[in-house]
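What follows is one structure encoded as structure tokens, with my remarks underneath.
Please treat every number below as a calculation from the coordinates, not as lab data. Here the structure is a predicted model, which means the values were calculated and not measured. Here the Cβ is made from the backbone with ideal geometry for all residues, glycine too, and neighbour counts use every protein chain on show.
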């Protein structure tokens, strides 16, 4: 199965827009997060020959502008598209999805949303002292389990532990996305890296809010199994 990086802060091609937030297209049918701006997302999709018409669903990790920014233009062009959101997203978010004729589906629990593609359901997190629900996307292939994170406000290790509860016999093949370690110190980051190793995560791709220091520390630990995430990439999972 393939994952195409539609939007990120870094890119393989200078013709692609970059900025804050992420967007990944899984198996050419499930879009995970939508970056910060709709125009940028659409332009990147056009350049990468991504057809919105083939999409079956959009999964939003959490209700922050840099992950929901492109959703509204996608919904305007694809009426009735399924939108998987955490139950405790804002009412404003939910109302806007419905106004644009999206099909809102609240992710109360771990669920398969397409063949071998799953949402974790709402995982409690905290941001600036307030409750912030978040979900991750999970892909199961012959290589093992891949986990795609938006920002990991609940804690990336906590999110991986939740996934392992569902797939105790499967190895964690690839974990990438936002790990939210940009404000963490070296000791805290090192502890996370060690936990990844203890959980036998084979490949890693921290990006977005992970922070450069965390990216370099994961790179030092993982070597050739560290993947630098960039817009325009196609990742095999």
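Numerical summary
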read-out	value
Between 0 and 90°, nearest 10: helix 38-47 axis offset from the chain longest Cα axis	80
Acute angle (nearest 10 degrees) that the helix 212-222 long axis makes with the longest principal axis of the chain, alpha-carbon atoms	60
The stretch 65-174: C-alpha gyration tensor shape, a/c 1.5 cut-off, then a/b vs b/c	oblate
Principal axis dimensions, largest first and in whole angstrom, of the chain by Cα	45, 39, 37
Distance between the stretch 172-197 and the stretch 24-94 - C-alpha centres, whole angstrom	26
Cα Rg, Dmax (largest Cα-Cα span) when computed across the stretch 109-225, Å	13.6, 40
Residues of the stretch 202-237 with amide N under 18 Å of a point placed 7 Å along Cα→Cβ from residue 28	232-237
Cα gyration tensor category, rounded, prolate or oblate, for the stretch 74-128 with a/c compared to 1.5	oblate
Share of Cα-Cα pairs in the stretch 1-124 lying beyond 21 Å, as whole percent	33
Shape call, the stretch 183-237: gyration tensor on alpha carbons, a/c limit 1.5	oblate
Relative exposure of 58, 201, judged by other C-beta atoms within 10 Å (fewest first)	201, 58
Degrees, to the nearest 10: 156-166 long Cα axis against longest axis of the chain	80
Paramagnetic label zone (point 7 Å from Cα along Cα-to-C-beta, residue 116; backbone N under 11 Å) in the stretch 21-40	27
Helical contribution to [θ] at 222 nm, DSSP H n ≥ 4, -39,500 (n - 2.57), averaged over the chain, rounded to 500	-8000 deg cm²/dmol
Residue 186 versus residue 216: modelled label distance in nm, points set 7 Å from Cα along the beta carbon direction	1.0
All-pairs alpha carbon distance profile, the stretch 10-82, 10 Å steps from 0, percent	21, 60, 19, 0
